[in-house]
Amino acid sequence: MQKASYYFQKGNLYYQQNKLDKALLFYKKTIEVEPDNSIYHYNMACLLTRMGHLENANRIFSFIVQQMDPSLTECYFLMAVNYGLLDDLEKARYYLNLYLQFSPDGEMAMDAEDLLFALSEGEVDDSGVFRENEPQPVNPRKEDEEILRGYLENQAVRSFLWQSLYHSNGQIAEKAVSIFGLLSRESGEEALREFVRNPWVKQRLRLQALLKLKNMGVRGLVAVFMEGSLRDIDLSYYPLVSPRWLEEWQKVLDATLDNMRSNELYDERFLEDAQAIWIDFINNTYPRVPNIKKVAVWAAGLEYALARYHFISLTQKALAGRYGVSTSSISGKYREINEVLNIEHKAYHNVLKYLTQRDKD
């Protein structure tokens, strides 16, 4: 049997390559060989956090400080960060206080105090911005934004939130995009530029990151992974404001994706494109967004737009039967989407590009 250090190095290599399942196997093997090493357990918890298993990660952090090495008090701080990502603010406060109790002069003590102060003043909304507990929504206070920026400038927490960008839980990744968008250009731009270049992130999150970059004041060309390759995107073609995602928009997207998953015509790539079309449509119509009265009608219109974009042989009559709506209503919603996104033009352009490339090959 190999030494634990061998498995640990292999796990680290796969971790850096973003092959998290393989990294997990080697980290587990490391702990099997050397179960009393608290650092190996610590790295396992950090990996589980990145994979979206926040509660499992916190169980390991807790095991470390309670039964292995009480001096690793940063586990309490990281547990608080995890519970914050899980929107369990009560436990986040508890573990921040616990960290300060055991490490009042610790490296993260000032950050813990600032975060506790912000949490005591208000709640965290869906975008990760602190706001007051008032009946009506209000803008984040300047003091709270400064606290948040100071909190995020801690290298350990920045590293933790960078991992959250690539979280398997889409809501956590979306929150991380929003948080990095709050930072100064020097602090947040690099992380978001790297994010939009990554071929493994979801297109919906990539588009949101592009909007955040533009709102931060980034101008000119940005390298983005789209349609199978890296390309330069001019941010001037993206709207300045990213609308707050509404429940009815998500219902349309969910209905479309559910129907597509039951159809053998589609693989994961088509699901990603349907999400991208819908988000692009919402962003480009904002603030004059569509009035969603019948979710099924819009969902059918969106799937038809996806079919037209990829030249899939799918009729409005067939879709009308699957969604329980009329063909005329599908035609009307598709017309609205096409007028905004010019689906027909993009589809023919893609085919022309494909044929040209095939001739070259």
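Observations on the structure shown:
- Residue check, Leu24 under 15 Å from Ser164 (Cα atoms) and buried (at least 18 other Cβ atoms within 10 Å of the Cβ): no
- Scope the stretch 165-203; condition over 8 Å from the mean Cα position of the chain (by Cα), at pLDDT below 85 and of a type in the set (Phe, Trp, Tyr); matching residues: Phe180, Trp200
- All positions within the stretch 313-346 that are under 21 Å from Ile279 (Cα atoms) and not in a helix (DSSP H, G or I): Asn342
- Residues located in the stretch 204-262, provided they are at pLDDT below 75, under 17 Å from the mean Cα position of the chain (by Cα) and part of a helix (DSSP H, G or I): Arg204
- Residues being surrounded by fewer than 20 Cβ atoms within 10 Å (Cβ to Cβ), hydrophobic (A, V, I, L, M, F, W, C) and within 18 Å of Ile337 (Cα to Cα) - total across the stretch 306-319: 3
- Only one entry in Asp267, Asp361, Asp273 is in contact with a His (Cβ under 8 Å, 6 or more places away or on another chain), surrounded by fewer than 19 Cβ atoms within 10 Å (Cβ to Cβ) and at pLDDT below 85, namely Asp273.
- Per the conditions (1) farther than 26 Å from Gln208 by Cα; (2) among the hydroxyl-bearing types (Ser, Thr, Tyr); (3) touching a Phe, Trp or Tyr at 6+ places or on another chain (Cβ under 6 Å), the sole criterion not satisfied by Ser329 is (3).
- Enumeration of residues in the stretch 61-109 that are small (Gly, Ala, Ser) and in contact with a Lys or Arg (Cβ under 8 Å, 6 or more places away or on another chain): Ala80
- Close pairs from the stretch 12-29: first over 13 Å from Arg50 (Cα atoms), partner assigned to a loop (DSSP other than H, G, I, E, B) and polar (S, T, N, Q), Cβ under 9 Å, at least 6 apart: Lys29/Gln2
- The set of residues in the stretch 195-222 that are exposed (fewer than 14 other Cβ atoms within 10 Å of the Cβ) and either closer than 22 Å to Leu161 by Cβ or not aliphatic (A, V, I, L, M) (or both) comprises Pro199, Trp200, Gly217, Arg219, Gly220.
The values are calculated or read from the model by the stated rules, or taken from the named source; none is laboratory data. Note that the structure is a prediction, hence the values are computed from the model and not measured. Note: ideal-geometry Cβ built from the backbone for every residue, glycine included; neighbour counts use all protein chains shown.
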